[in-house]
Amino acid sequence: MNTPPSIPSWQPSRRRFVQTLTLGTGALLLPSLPSALLGAAADKTKTPDGRRKLGVALVGLGGYARGQLAPALQETEWCRLAGIVTGTPSKAEEWKRRYDLAEGNVYSYDTFERIADNTDIDIVYVVVPNGLHAEFAVRAAKAGKHVICEKPMATTVEDCDRIMAACKAAKKKLSIGYRLHFEPHNLEVMRLAQAKDFGAIKRVEAHDGYVSGGGTWRHDPKLAGGPLMDLGVYCVQAGCYATGEEPIAITAREEKTDFERFAKVEETITWTMEFPSGAKAECLMSYNKNANKLRVEAENGWYELSPAYAYRGIAGRTSKGPMDLPQVNQQARQMDAFARNILDDTETIVPGDMGRRDVKIMLAIYESARTGKRVTL
């Protein structure tokens, strides 16, 4: 039997699991603070320990920025919404009014480089379509800002390398928008992978999908990279953190029933990831089936999340009973954790290396689905 490799540095140890649970929510963090600091936490411009909250600018004001990130930034304790970048003037006016943004903190895609002179903005969160991630992440780094790049990091490994090189050259931190690494139920799956509370892991099942009507940028391969990049990355991630390993081989197959709606992108892909320990992850991604599940089967029991990847309402149970874990604002925790990385000069648990790895795996899935062959990594 192959010996599993050591857990990558971004996989949380038991200690990191506990630390992550205690960051990013005032209900968990504030009671432990000295009373003298509680007044600072009430100041929306100050962190709980009295430092200046870092300013975040959102690049791209689509559904995720509007529905998740901006509301989360009203709850964050270590950073705040300070600016926006958009190609739509009407959106700029709406956001200025809604979030009381200064005129000088509102940029268009053409004036984006001027953000370099804005000391009110420390972090740029890139939320444009996937195919544009590299362009704006590189521009943000060159402007001297720390970068959060929404998943997938990019649509090619080469673009991942460009982003990482730009951040390194600018001496700025880079984090990928993997919110589930700050969500208690998924964190518990990661902890169990390391602790082996149920014995050696044998099989993982990771499914994610919904019925997409088409007609959006997600059906444009140049902008989206394909729905595998959109949804399948959750399953790739789950397979890796549910085993604590990286895959060594991929076997994939594409299914298509609606050739008109999915003329340019895949409809459904199923694939198997093989891991060094002998464990396998059976995965499914679909734009025409509803699915949202992660199940781990081990020597001495099982555990599962359903839903597993939702923004809220994640629920878990094990062969020993239910998981009794809190519901949190995942995006607020994610952004607060990165702000803490910057303020304290520590490393993010969701680095560029992880984003690059996942893009490489997804490209191998595409290759296997296209050729019908097993692809080694």
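Among the residues making up region 68-127, those that are of a type in the set (F, W, Y) and in a helix (DSSP H, G or I) are W95, Y99, F112. Against the condition surrounded by fewer than 22 Cβ atoms within 10 Å (Cβ to Cβ), modelled with pLDDT of 95 or more and within 30 Å of K53 (Cα to Cα), how does L363 come out, does it pass? No, not satisfied.
The conditions of being at pLDDT 95 or above, among the hydrophobic types (A, V, I, L, M, F, W, C) and part of a loop (DSSP other than H, G, I, E, B) are met by A310. In this entry, E113 passes the filter for residues that are of a type in the set (D, E), within 24 Å of I176 (Cβ to Cβ) and without any contact (Cβ under 8 Å) to a residue 40 or more places away in the chain. Going by the structure shown, is V124 surrounded by 22 or more Cβ atoms within 10 Å (Cβ to Cβ), within 27 Å of D230 (Cα to Cα) and of a type in the set (A, V, I, L, M)? Answer is yes for this residue. Looking across region 152-198, just one residue is in contact with a strand residue (DSSP E or B) (Cβ under 7 Å, 6 or more places away or on another chain) and aromatic (F, W, Y), and that is F198. Selection of first residues in region 202-221 that are over 25 Å from P247 (Cα atoms) and of second residues that are of a type in the set (K, R) and crowded, with 19+ Cβ neighbours inside 10 Å, restricted to Cβ pairs under 7 Å at least 6 apart or on distinct chains, gives the following pairs, ordered by first then second residue: S212/R218. Just one of the listed residues (V147, V189, V138) is in a strand (DSSP E or B) and either closer than 30 Å to E260 by Cβ or under 20 Å from the mean Cα position of the chain (by Cα) (or both), namely V147.
Results for (1) more than 17 Å from the chain's Cα centre (by Cα); (2) in contact (Cβ under 8 Å) with a residue 40 or more places away in the chain; (3) buried (at least 22 other Cβ atoms within 10 Å of the Cβ), shown as yes or no for each residue.
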| residue | (1), (2), (3) |
| --- | --- |
| N290 | yes, yes, no |
| Y303 | yes, yes, yes |
| Q330 | no, yes, yes |
| T346 | yes, no, no |
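The values are calculated or read from the model by the stated rules, or taken from the named source; none is laboratory data. Bear in mind the structure is a predicted one, so any value in this text is a computation, not a measurement. FYI the Cβ positions are ideal-geometry reconstructions off the backbone, even for glycines, and counts take in every protein chain you see.
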